[in-house]
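Take a look at the structure set out below.
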């Protein structure tokens, strides 16, 4: 498994735990429920693309997705600052998305052969 595929797997892990946490814990906030489920779906799509069709475009999508993921979960951390369990979980999710994006970016930069478009 190459590094882009590892990044894809990390994105899929982020998507699954983000969706599970949403379904289990975010039922009281319909807007955040929808936003985090959409973010999880996007993370899953990025992960699948990195696994099966890695390209420069996919790496750019991963980078943009990582920034959006961190901003989203950063906002949730700020909103849920009074609940230590909620914001620590959101911090973990933010870190996982950031790691996935960084892995994909670094793998593309270190690749010996150029990626396709």
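Could you list, in sequence order, all residues of region 33-63 that are outside any helix (DSSP H, G or I) and crowded, with 18+ Cβ neighbours inside 10 Å?
Correct list: 54 only.
Scan region 3-32 for residues that are loosely packed, with under 14 Cβ neighbours inside 10 Å and touching a helix residue (DSSP H, G or I) at 6+ places or on another chain (Cβ under 7 Å) and jot them down.
Of everything in region 3-32, just one residue is loosely packed, with under 14 Cβ neighbours inside 10 Å and touching a helix residue (DSSP H, G or I) at 6+ places or on another chain (Cβ under 7 Å), namely 27.
On the given criteria, is residue 69 farther than 15 Å from residue 106 by Cα, surrounded by 22 or more Cβ atoms within 10 Å (Cβ to Cβ) and out of contact with any strand residue (DSSP E or B) (no Cβ under 6 Å at 6 or more places or on another chain)?
Numbers: farther than 15 Å from residue 106 by Cα: yes; surrounded by 22 or more Cβ atoms within 10 Å (Cβ to Cβ): yes; out of contact with any strand residue (DSSP E or B) (no Cβ under 6 Å at 6 or more places or on another chain): yes.
For residue 69, the condition - farther than 15 Å from residue 106 by Cα, surrounded by 22 or more Cβ atoms within 10 Å (Cβ to Cβ) and out of contact with any strand residue (DSSP E or B) (no Cβ under 6 Å at 6 or more places or on another chain) - is met.
So if I check each of 78, 82, 98, which one is over 14 Å from residue 9 (Cβ atoms), without any contact (Cβ under 8 Å) to a residue 24 or more places away in the chain and assigned to a helix (DSSP H, G or I)?
Criteria check complete, one pass: 78.
Coordinate-derived values only; no laboratory data. Owing to the predicted nature of the structure, the values given are computational and were not obtained by experimental measurement. Using ideal geometry, Cβ is built from the backbone for each residue, glycine included, and neighbour counts are taken over all protein chains shown.
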